[in-house]
């Protein structure tokens, strides 16, 4: 009874506490409201929702200027292209009578009405001759033909492309001809489901170990699925108003599942602790929302701050990728602080039903938490703070230093898994026509009363090293714009191709346009990614200043300590660099590459670092907030720093470990996907999150706080007066802050 009275005396107060109490007191109203919200979202998707499409723009760049010129002057030729790549068996030729007849029959078949454009349906308008001198390889084994569609191909046109592929394959395979496909009309459909399922299965196992009851385990899983469903509905509603890239759903799933399970894990844990401390189900749900839910709100806000910083970079598709990936965080925060509390209030003590038979019954009381492995680890870290801090800091710095070798660029189709037809077509074209054939570099020339400019560009390119072939200038009908296609001797992702693009821009183009009004722009895949990289590097200082600066101020307002804020920023940056370094070691240098399903190394896409950093900064702050809010709560209520660290780790450390393992496993599951970019994000986020939670938050930070002692809470008086107060720990009627700051002699560092 005494414990029950003490628990009631420390119930939270304030606006959030009133909201969480309303959700816990009127659970059916909350559930009915969310059913109505989902009904509205589904209706909106059906009426104004759109489809996903890949649209990239790089404002002010050479690539964008070239693209705009091509679209304006060669618009009729801007439909999707499907390369039909034919190959005979090793050591044989394609131009035998039987094989040639089969290939020509396949090309002729595509002229049938069923493959032509029709109302609302994409179709083939022309097909090249695979036996032309330019499209038939010297070895006689490989040839290709371009099938030109009438419009750019998106997901809805996928069936038309597949129909063409099946018709060609059925025609040529009986003659012993292999056919593969690539080009902008061939892109693998988004494969989702397997990675998410594996992540959920791993989360179920971890949650069973943490909660030891099936009911408690299912709650975070169900909430994550519900929140993810809401995020996808919002995503497709937004797609009706703006272009959303096709990689976005993978990021939504990855982030949404991770935070959905993690956030609900913290709230459910606090709910069970409150129940075991003697509170009623309604009081326990309200208190869980007012305490852990407050930390969830704050953590979600840090993600929003980090992702909003992507807008500083000035690349629309990067901003939208980040904003889309944050949808799962938004829906999770809203549902966790309303629907989850209502469900917990209704479940009450049933949350502990269906205990796992082979696991010992869990005990969330304070006495039991002090005996856990994490609690013992916390006491070990604080007792050996100097050694632990030195060893872990050295390890983290060494791992982070590997990021210095990361090379950003454009990984081409030659790095994709061999299961994809585009990869096999890439390999065949590289074998037959050289590695640079897969990434031609177009130079777009705006004549501007200098008709000799395209020819000057052509002549200048011919004198360069690293050029396998350069085509004669192709002019539009008016002769006002020309295109010179340059085929490098190296593949699109090679550094030699980067060097060639630089030479074209700094040597050939200036020389060809000197003394006249003509303008020339070097474009293509390699040039585009160089332009993206240049803009990201130019804006990176401002991007980092925004994210780190705003987060520093928010944490300073919440924890009233510049030391805590600075420590959070520095350690998060270290965790991010560890992730980037390990990612480079795997996908760029090839260490353990086979475990990812890839067989070829390549650079890391230039847009991965800023998006990855923004997401990591937000998510790693989650663990900072969850752990430090509990430590500060203990400190505010009377404990000195070392004791507060030990109590905080005992109370929340096990949940942080479980949450990190769940999120890391969910991210790692996406390494098994077929898309290289999703693999990169999976590796980066999994490594960085596990490093941040296990090495940094639960080891490095506690040792640092112990060494600093009460100096950990240092705040300049002038800044304390200027900054508004933002509390993460919920206020209580008996809160000592309502009177005077405690002397904190109640428990000292000797409390173990």
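Pick the calculated semi-axes √(5λ) of the Cα gyration tensor in Å for this structure from [x] 68, 32, 23; [y] 95, 30, 19; [z] 56, 28, 23? Comparing each candidate, only [z] matches the computed number. Once you reduce segment 198-224 and segment 653-670 to the center of their Cα atoms, the two points are 12 Å from each other.
Placing one equal scatterer on every Cα of segment 429-544 and applying the Debye formula, the log10 ratio I(q)/I(0) at q = 0.15, 0.19, 0.23 Å⁻¹ is -0.66, -0.95, -1.21. When each of 349, 637, 647, 26 is scored by the number of other beta-carbon atoms lying within 10 Å, the sequence from fewest to most is 349, 26, 637, 647. Remark: the residue 51-residue 25 segment gains 5.3 nm on full extension, using 0.36 nm per residue and subtracting the alpha carbon distance. Using a 7 Å offset from the Cα along the Cα-to-Cβ direction at both residue 241 and residue 154, what is the distance between the two label points in nm, to one decimal? Label at residue 241, label at residue 154, 1.7 nm between them. Note on residue 205 and residue 506: the model spin-label points, each 7 Å out from Cα along the C-beta direction, lie 5.2 nm apart. For the pair segment 240-273 and segment 486-518, the centres of their Cα atoms are 44 angstrom apart. FRET efficiency for the residue 229 to residue 105 pair, using the beta carbon distance and R₀ = 56 Å, is estimated at 0.70. Express in whole angstrom the spacing between the alpha-carbon centres of segment 102-167 and segment 24-78. Value for the Cα centre distance between the two parts: 30 Å. The residue 98 and residue 39 beta-carbon pair, evaluated with R₀ = 51 Å, returns a calculated FRET efficiency of approximately 0.25.
How high is the relative contact order of segment 91-210, given as a whole-number percent (alpha carbon pairs under 8 Å, six or more residues apart)?
For segment 91-210, the relative contact order is 26 percent.
Counted over the chain, the DSSP beta bridges are approximately 90% antiparallel.
Based on C-alpha pairs under 8 angstrom that are at least 6 apart in sequence, the chain has a relative contact order of 19 percent.
Based on DSSP H segments of at least four residues, each scored -39500 (n - 2.57), the chain has a per-residue ellipticity at 222 nm of -18500 deg cm²/dmol.
Find how much the distance from residue 595 to residue 355 grows on full extension, using 0.36 nm per residue of separation minus their present alpha carbon separation; answer in nm with one decimal.
Numbers: separation 240, 0.36 × 240 = 86.40 nm, distance 3.60 nm.
Extending this stretch completely gives an extra 82.8 nm.
Give me the number: length gained by fully extending residue 390 to residue 194, i.e. 0.36 nm times residue separation minus the C-alpha to C-alpha distance, one decimal in nm. Working shown, then result.
Numbers: separation 196, 0.36 × 196 = 70.56 nm, distance 4.11 nm.
Result: 66.4 nm gained on full extension.
Could you work out the relative contact order of segment 496-617, using alpha carbon pairs under 8 angstrom and six or more residues apart, expressed as a whole percent? Numbers along the way, then the final one.
Numbers: 69 pairs, mean separation 25.2, N = 122.
The value is 21 percent.
Values quoted throughout were computed directly from the atomic coordinates according to the rules given, and no laboratory measurement underlies them. Everything numeric in this text was worked out from a predicted model, so none of it was measured. Neighbour counts are summed over all protein chains in view; Cβ atoms, including those assigned to glycine, are modelled from backbone coordinates with ideal geometry.
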